[in-house]
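Structure, as structure tokens:
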Amino acid sequence: MAEASVTWSEIDAARRRIAGVAVRTPLLRLDPERLRQAGLAKPAESAPEIYVKDESAQPVRSFKLRGAYNKIAQLSADELQRGVITYSSGNHAQGVAYAARALGAKAVVVMPSNTPQVKRAATLALGAQVVVVGPASTERRQRAEDLSAQHGYTMVPPYDDPAIIAGQATCGVEILEQLPDVDVVLSPVSGGGLLSGVAAGIKLRAEAIGVTPPQVWGCEPELAADAAESFRTRSLVEWPAEKTTRTICDGLRTQSLGRLNFELILRFVDGVVTVREEEIQTAMRILLETTGLVAEPSGAITLAAALFHAAELPRANKVVAILSGGNLDPESGASAKGSA
């Protein structure tokens, strides 16, 4: 396999480029007593400390601003004047819309028909033009490519792009700086932008400063487990839309990993764990009750993995669960409040 085309120098440049636009998000330790009060069994003495990396603190309430701004900020004046386009179920749409507005560019976003209304409304409020297509991730990508060719828009891919990945990698670098002795970092995985970026950022930074890196694991719904299958078989697979759209995690319904993302995941990621829908709903409730944080299902999946799949993860003293976003639609919120 060829060397991945994302380097530490590119990640370091991304850190400087997005500074002042993307937020250095907080790392919060979950209180074991509050977890017990929320209905969890008293943790064993050997249970790890769990920390939450709160990417919902970003201006667009998700990590996506990191990669979107890093990509768009590198475009030429002519490219900015022609405008940018992307395809997204919601969070990347808002990241692109925010970054484009900050840099004075028109943004067009192709969104699936099953996008939560709260995400579509937020994208429109940021000034983007929204084009709605069917639920398949392949369909929205094709429509975006057609519009790009027709109008000269620059494509800002949601995950399969070196600049996007380098931007997302800054989240991992922050974790390593905030908690140098972390043992395991958990990231959601869909197209692979965040997981591949976080893993590359952590592993390359650790190599640069000469320390042992933590393990990095992906977390994915059982109902949309194409990444887990790809990682297990070491072969990139695609699941049909009728399978991936079953999960409540609207941000994790992509049908396959991106090619560059898969290359980086095979190089830097230590494992992928799958999580059940009811576990995700419970994790959403626990986050709200113990921290006040509102997590969308895609963002709560990492805590679900830490709480309910510890036996499948490496033994650890300190675990970081990335809360990737907090753009929660009312239906998912009501479902989480009612979970046991």
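The values are calculated or read from the model by the stated rules, or taken from the named source; none is laboratory data. None of the values given here were measured: they were computed from a predicted structure. With ideal geometry, Cβ positions are generated from the backbone for all residues, glycine too; neighbour counts draw on all protein chains shown.
General remarks:
- Selection count, segment 227-262, where residues are closer than 30 Å to G39 by Cα, assigned to a loop (DSSP other than H, G, I, E, B) and aliphatic (A, V, I, L, M): 1
- Of the residues contained in segment 73-93, one or more are found to be crowded, with 16+ Cβ neighbours inside 10 Å and farther than 23 Å from A166 by Cα.
- Tabulated pairs, segment 271-290, first closer than 18 Å to I50 by Cβ, second assigned to a strand (DSSP E or B) and β-branched (V, I, T), C-beta under 9 angstrom, 6+ apart or interchain: G271/V216; A283/V275; L287/V52
- Qualifying residue in segment 231-254 (condition: free of Cβ contacts under 8 Å to residues at least 40 places away in the same chain and within 24 Å of L65 (Cα to Cα)): no
- Flag if K42 is under 24 Å from R315 (Cα atoms) and free of Cβ contacts under 8 Å to residues at least 12 places away in the same chain: yes
- Residue in segment 209-225 that is under 25 Å from K119 (Cα atoms), modelled with pLDDT of 95 or more and touching a Pro at 6+ places or on another chain (Cβ under 7 Å) present: yes
- Helices (runs of 4 or more DSSP H) (entirely within segment 60-160) containing at least 3 residues that are touching a Ser or Thr at 6+ places or on another chain (Cβ under 6 Å): 91-103
- Subset of segment 22-67 [of a type in the set (S, T, N, Q) and either closer than 15 Å to G167 by Cβ or surrounded by fewer than 16 Cβ atoms within 10 Å (Cβ to Cβ) (or both)]: T25, Q37, S46, Q58, S62
- From the options A227, A206, residue that is touching a Ser or Thr at 6+ places or on another chain (Cβ under 9 Å), among the small types (G, A, S) and either surrounded by 24 or more Cβ atoms within 10 Å (Cβ to Cβ) or free of Cβ contacts under 8 Å to residues at least 24 places away in the same chain (or both): A227
- Residue check, V118 farther than 20 Å from D78 by Cα and hydrophobic (A, V, I, L, M, F, W, C): yes
- Test result for T115, in contact with an Asp or Glu (Cβ under 9 Å, 6 or more places away or on another chain) and among the polar types (S, T, N, Q): yes
- Residue match in segment 263-278 (condition: assigned to a helix (DSSP H, G or I), within 25 Å of G326 (Cα to Cα) and touching a strand residue (DSSP E or B) at 6+ places or on another chain (Cβ under 8 Å)): yes
- As a summary of the residue check, R140 satisfies the conditions (1) more than 30 Å from G201 (Cβ to Cβ); (2) touching a strand residue (DSSP E or B) at 6+ places or on another chain (Cβ under 6 Å) except for the one numbered (1).
- Search result, residues across segment 209-229 that are farther than 22 Å from E279 by Cβ and either of a type in the set (S, T, N, Q) or within 16 Å of the chain's Cα centre (by Cα) (or both): T212
- Residue in segment 102-124 that is among the charged types (D, E, K, R) and at pLDDT below 95 present: yes
- Within segment 30-59, the residues that satisfy the criterion of being in a helix (DSSP H, G or I) and modelled with pLDDT under 95 are P32, E33, R34, L35, R36, Q37.
- All positions within segment 294-315 that are assigned to a loop (DSSP other than H, G, I, E, B) and either of a type in the set (D, E) or surrounded by 20 or more Cβ atoms within 10 Å (Cβ to Cβ) (or both): A295, E296, L313
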